[in-house]
Amino acid sequence: MRKVLIVVYYWPPAGGPGVQRWLKFVKYLRDFDIEPIVFVPKNPQYPIQDQSLLDDIPKGIKIYRQMIFEPLRLATFLSRKKTKRISSGIIQKYEKQSFLERTMLWIRGNLFIPDARNYWVKPSVKRIKQILNTEKIDTVITTGPPHSVHLIGLTLKKQLNIKWVTDFRDPWTTIGYHSKLKLTSVSKRRHKALEKEVLDHADKVVVTSAQTKLEFETLTKTPIKVITNGFDEPFKKTKLDNDFTISHIGSLLTERNPKSLWKILAALVQENEAFRERLKIQLIGVVGNEVLDTLENLGLKSYVRHMGYLPHNEVIELQRNSQVLLLLEIDAKKTQGILPGKLFEYLNARRPILAIGPEGWEAAKIVEQTKAGMALTPQQMTDLKNVLLKWFSEFQSQGLKIQSEDIEKYSRRELTASLAKILTWELS
């Protein structure tokens, strides 16, 4: 059985979507005659934790751990709340940022390139050299963000000429929050240079969306393969919520605030007594203050159930119980290629998906192709209102249902089969 070393920062008990992808690849790689060995930080600072994910680690998997120094630990002495918020990706609009927040963002963006985990690179390279020799491994996989993990692979490639696959769960320099890090022109050039160096030196690059593939193809000639995120849990029917529940799972950042949707819901509450009595808005995960402020200002606060972060198994149950699942993205050209990991679990929940995002959004195309719901832009307010009224009418009468199709290709095992082909170097 061929061995591969997987270098990953987010690993159980880390919570959130970032940990799911490689936890599931590790789960199924043995089915394809590949033995995964995992390299993770020993003392990481995870902004979100989910102890239930520890149960998903396959038995017998060898895991190596290396100490990490994280400067953000020092920042918590100044403000634990602000540090956790920034590390979770919640960045407030400039006018709402305190002087401390602006300073922390500048330091994060300009002194820690590519990110605040870059102190893990040097000790990890030293340790991994020993592991590769002991375990007789010639293939290393790095996954980011944090993109400093890719610098571990880059150094190993230069020094040992190992076979190296990079996996980009998100873009690097075009990711939404990058523009908020107050980068100097020198820092921007440094990020760009590192990004290109990683892409050029890797033997193969894996990305999660076709848009990211197109973007990277303008930067490198290295072969690039799209392997999306997916779902793993077997589908089973559960009792639906008695209310007209609209649920959003995951971080709801300030710029992703769906003001058009909230305004329409507020209008329907005023116009339709039945709608007013049955509406429930569930927000599971970290939610920006501006989102909550918008809901309160529109008179929707009493309809909102803000549940915070929940264990993954509870999230799966809530998805299946909801009447409508809400998928949101920032309305900008730069976000067209973002495929949220929750999309695929939404598909597996077999509940209607209401996708609101930019025109040409890749996630919207998947919703439409699988007939799993409706995809609209924030400007299509009339269509959005009509869809909600139609679905509410169905909810009141025979029950709201969806007949999606062709979603099995997004199962984690099928996606791992694609990864295994990439790792079969002789045939690629």
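The values are calculated or read from the model by the stated rules, or taken from the named source; none is laboratory data. Worth saying up front: this structure is predicted, and the values here are computed from it rather than measured. Reconstructed Cβ throughout: ideal geometry from the backbone, glycine too, with neighbour counts over all protein chains shown.
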Out of the residues in the stretch 276-291 meeting the condition of being in contact with a strand residue (DSSP E or B) (Cβ under 7 Å, 6 or more places away or on another chain) and in a helix (DSSP H, G or I), tell me which one is surrounded by the most Cβ atoms within 10 Å (Cβ to Cβ). V291
Could you grab me the full set of residues in the stretch 214-246 that are crowded, with 17+ Cβ neighbours inside 10 Å, under 23 Å from E197 (Cβ atoms) and of a type in the set (D, E)? E215
Of all the residues that make up the stretch 236-269, how many are within 26 Å of the chain's Cα centre (by Cα) and of a type in the set (F, W, Y)? 1
Just checking, how many residues over the stretch 393-410 are under 23 Å from the mean Cα position of the chain (by Cα), under 29 Å from N242 (Cα atoms) and not in a loop (DSSP other than H, G, I, E, B)? 1
Residues in the stretch 353-377 that are in contact with a strand residue (DSSP E or B) (Cβ under 8 Å, 6 or more places away or on another chain), surrounded by fewer than 23 Cβ atoms within 10 Å (Cβ to Cβ) and assigned to a loop (DSSP other than H, G, I, E, B) total 1
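Quick check, is P36 in a loop (DSSP other than H, G, I, E, B) and touching a helix residue (DSSP H, G or I) at 6+ places or on another chain (Cβ under 7 Å)? Before the answer, list the steps.
Working: in a loop (DSSP other than H, G, I, E, B): no; touching a helix residue (DSSP H, G or I) at 6+ places or on another chain (Cβ under 7 Å): yes.
It is false that P36 is in a loop (DSSP other than H, G, I, E, B) and touching a helix residue (DSSP H, G or I) at 6+ places or on another chain (Cβ under 7 Å).
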Residue under question is K225, and the condition is that it be under 26 Å from W164 (Cα atoms) and of a type in the set (K, R); does it hold? yes
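Might you let me know whether the stretch 119-133 holds any residue that is touching a residue at least 60 places away in the same chain (Cβ under 8 Å), of a type in the set (V, I, T) and not in a helix (DSSP H, G or I)?
At the first step, the residues of the stretch 119-133 found to be touching a residue at least 60 places away in the same chain (Cβ under 8 Å) are 120, 124, 127-128, 131-132.
So of that shortlist, the ones also of a type in the set (V, I, T) come out as 128, 131.
Still in the running and not in a helix (DSSP H, G or I): none.
Checked against the condition, which is being touching a residue at least 60 places away in the same chain (Cβ under 8 Å), of a type in the set (V, I, T) and not in a helix (DSSP H, G or I), the stretch 119-133 yields no hits at all.
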In the list V269, V315, V286, which residue meets the criterion of being touching a residue at least 24 places away in the same chain (Cβ under 8 Å), touching a Pro at 6+ places or on another chain (Cβ under 9 Å) and not polar (S, T, N, Q)? V286
Given the condition at pLDDT below 95, farther than 20 Å from W164 by Cβ and among the hydroxyl-bearing types (S, T, Y), answer yes or no: does some residue in the stretch 26-37 qualify? no
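Taking the stated definitions as given, is N313 part of a helix (DSSP H, G or I) and out of contact with any helix residue (DSSP H, G or I) (no Cβ under 6 Å at 6 or more places or on another chain)? Let's see the steps before the verdict.
Values: part of a helix (DSSP H, G or I): yes; out of contact with any helix residue (DSSP H, G or I) (no Cβ under 6 Å at 6 or more places or on another chain): no.
The answer is no for N313.
One line per residue, one yes/no per condition, for (1) at pLDDT 70 or above; (2) crowded, with 19+ Cβ neighbours inside 10 Å; (3) more than 23 Å from V4 (Cα to Cα):
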| residue | (1), (2), (3) |
| --- | --- |
| L78 | no, no, yes |
| I86 | no, yes, yes |
| R102 | no, no, yes |
| I107 | yes, no, yes |
| Q130 | yes, no, no |
Please name all residue pairs, on different chains or six or more residues apart, with Cβ atoms under 7 Å, provided the first residue is in the stretch 338-353 and is farther than 10 Å from L325 by Cα and touching a residue at least 24 places away in the same chain (Cβ under 8 Å) and the second residue is acidic (D, E) and not in a loop (DSSP other than H, G, I, E, B). L339/E362
Checked the stretch 134-154 for anything touching a Ser or Thr at 6+ places or on another chain (Cβ under 9 Å) and either part of a helix (DSSP H, G or I) or not assigned by TED's automatic domain parsing to the domain that holds A193 (or both); matches are V149, H150, L151, I152, G153, L154
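Conditions (1) part of a helix (DSSP H, G or I); (2) under 22 Å from the mean Cα position of the chain (by Cα); (3) modelled with pLDDT under 95, marked per residue:
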site	(1), (2), (3)
K158	yes, no, no
T174	no, yes, yes
R189	yes, no, yes
V205	no, yes, no
T212	yes, yes, yes
L219	no, no, no
P234	no, yes, yes
